[in-house]
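Peer 1: Before I ask anything, let me first share the structure, which is written out below as structure tokens.
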């Protein structure tokens with residue numbers, strides 16, 4: 001069996017262009033699907049996929065670890081997030097091919113079931129961009145959280161930390177505390193709440209000030225309290241934080257995670273299968289995390305193929321605590337791909353079928369061609385004009 005072609009299918013979903021990757025073999029009807037979505041980097045990732053294709057054409061698609069090593073090591077320049085995302089899309093498709101060729105689901109090939117069901121969470125508006133990032137009032141926050149719970153979710157993540165510089169004002173800290181109190185009162189004690197800081201605090205002290213305001217309302221974890229790439233700062237936060245710290249969505253190399261794990265700088269790691277190199281590299285991260293007593297909450301605000309890939313990974317990975325998903329990001333989320341999980345009391349049950357169990361509806365995909373994503377990050381500007389982290 002040989003790889004015959006590698007191509008991308010771009011589907012615009014407003015906040016993101018989903019980048020689906022189709023790898024075809026020389027066996028009639030045997031192909032695999034992956035996803036390599038990276039917001040605001042669509043052209044670069046598609047170009048990287050095209051650049052990587054010659055490395056795998058003519059190779060046996062079942063030699064997945066060999067092909068990942070070729071794509072990572074034979075390009076001379078170490079792949080960053082663009083290259084790793086491209087590799088991820090191809091790698092996920094290879095697992096789909098392997099599962100189809102053997103008549104087994106991917107989770108079975110990853111070592112079998114480590115659990116019977118996967119706990120999941122979503123965002124306000126089920127992931128619709130403006131609901132996620134533009135809910136700034138306590139009443140609106142509570143109403144949108146109620147809507148999420150009404151859909152069967154038992155955990156929700158919110159972005160309520162304002163754009164911040166090196167210090168957080170009493171007004172900002174008070175607003176965050178008020179928002180969190182209203183949210184906890186609205187959903188009760190049975191619903192988990194996670195707070196995504198988006199790395200907005202520019203200092204450890206600002207991050208800790210916000211955490212102090214959140215602690216009375218028992219968040220499951222706070223995410224990216226400071227910018228990634230500074231394990232010392234993250235460790236300083238984790239050492240003084242009364243609640244768990246999560247991070248990792250913007251890390252793409254296992255060695256980047258190792259820097260956090262060695263310092264016990266986080267309590268929950270958040271690798272994204274579509275950015276870190278796919279199942280193979282995510283498995284390395286999961287193994288390291290387990291040896292350090294660190295749980296996993298895989299990152300996934302992406303498209304439907306990414307969602308299905310995460311589902312298989314979670315079933316096979318014992319360290320997973322909870323899974324992010326955003327199946328309401330656009331109203332037609334479930335139309336472009338079949339085989340998506342259904343929610344049952346806040347959980348996904350095990351996938352069935354061979355490979356990923358993915359079928360892409362070409363007609364629906366064609367109705368949503370590439371378009372420039374919404375440049376929502378342009379809002380990250382302070383009153384004095386200072387550009388800060390989105």
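The values are calculated or read from the model by the stated rules, or taken from the named source; none is laboratory data. As the structure is a computational prediction, the values presented were derived from the model and not from experiment. When we count neighbours, we look across all protein chains shown, and the Cβ atoms used for this are built from the backbone with ideal geometry, even at glycine.
Peer 1: Yes or no: residue 246 part of a strand (DSSP E or B) and assigned by TED's automatic domain parsing to the domain that holds residue 192?
Peer 2: yes
Peer 1: Also: Filter the stretch 334-363 down to the residues that are outside any loop (DSSP other than H, G, I, E, B), surrounded by 13 or more Cβ atoms within 10 Å (Cβ to Cβ) and in contact with a strand residue (DSSP E or B) (Cβ under 8 Å, 6 or more places away or on another chain) and list them by number.
Peer 2: Residues satisfying the conditions are 336, 337, 338, 343, 347, 348, 349, 355, 360.
Peer 1: Still on this structure, I have one more. Output the number of residues of the stretch 205-230 satisfying the condition of being modelled with pLDDT of 95 or more and either more than 24 Å from the chain's Cα centre (by Cα) or surrounded by fewer than 20 Cβ atoms within 10 Å (Cβ to Cβ) (or both).
Peer 2: Adding up the residues that qualify gives 13.
Peer 1: Yes or no: residue 71 more than 30 Å from residue 210 (Cβ to Cβ) and either out of contact with any helix residue (DSSP H, G or I) (no Cβ under 9 Å at 6 or more places or on another chain) or crowded, with 16+ Cβ neighbours inside 10 Å (or both)?
Peer 2: In short, yes.
Peer 1: Hey, does the stretch 65-77 have a residue that's touching a residue at least 40 places away in the same chain (Cβ under 8 Å) and touching a strand residue (DSSP E or B) at 6+ places or on another chain (Cβ under 8 Å)?
Peer 2: no
Peer 1: Has the stretch 296-317 got at least one residue that is more than 19 Å from the chain's Cα centre (by Cα), in a loop (DSSP other than H, G, I, E, B) and either under 30 Å from residue 165 (Cβ atoms) or free of Cβ contacts under 8 Å to residues at least 24 places away in the same chain (or both)?
Peer 2: For the stretch 296-317, residues more than 19 Å from the chain's Cα centre (by Cα), in a loop (DSSP other than H, G, I, E, B) and either under 30 Å from residue 165 (Cβ atoms) or free of Cβ contacts under 8 Å to residues at least 24 places away in the same chain (or both): absent.
Peer 1: Here is a follow-up. Considering only the stretch 160-176, how many residues are touching a helix residue (DSSP H, G or I) at 6+ places or on another chain (Cβ under 7 Å) and either in a helix (DSSP H, G or I) or surrounded by 21 or more Cβ atoms within 10 Å (Cβ to Cβ) (or both)?
Peer 2: Qualifying residue count, the stretch 160-176: 6.
Peer 1: Only residues that are crowded, with 22+ Cβ neighbours inside 10 Å and either assigned to a helix (DSSP H, G or I) or in the same structural domain as residue 69 (by TED's automatic domain parsing) (or both): list them for the stretch 262-279, please.
Peer 2: 279
Peer 1: Have a look at 149, 156 and point out the one that is touching a residue at least 12 places away in the same chain (Cβ under 8 Å), assigned to a helix (DSSP H, G or I) and closer than 18 Å to residue 217 by Cβ.
Peer 2: Testing whether each residue is touching a residue at least 12 places away in the same chain (Cβ under 8 Å), assigned to a helix (DSSP H, G or I) and closer than 18 Å to residue 217 by Cβ leaves just 149.
Peer 1: Do the conditions hold for residue 47, that is, is it free of Cβ contacts under 8 Å to residues at least 24 places away in the same chain, assigned to a helix (DSSP H, G or I) and closer than 27 Å to residue 127 by Cα?
Peer 2: Criteria not met by residue 47.
Peer 1: Residue by residue through the stretch 115-142, note down the ones that are assigned to a helix (DSSP H, G or I) and free of Cβ contacts under 8 Å to residues at least 24 places away in the same chain.
Peer 2: Result: 130, 131, 140.
Peer 1: OK, next. Within the stretch 364-377, how many residues turn out to be assigned to a helix (DSSP H, G or I) and over 22 Å from the mean Cα position of the chain (by Cα)?
Peer 2: 2
Peer 1: Could I ask something else about it? Is it true that residue 89 is within 26 Å of residue 318 (Cα to Cα), in a loop (DSSP other than H, G, I, E, B) and in contact with a helix residue (DSSP H, G or I) (Cβ under 9 Å, 6 or more places away or on another chain)?
Peer 2: Criteria not met by residue 89.
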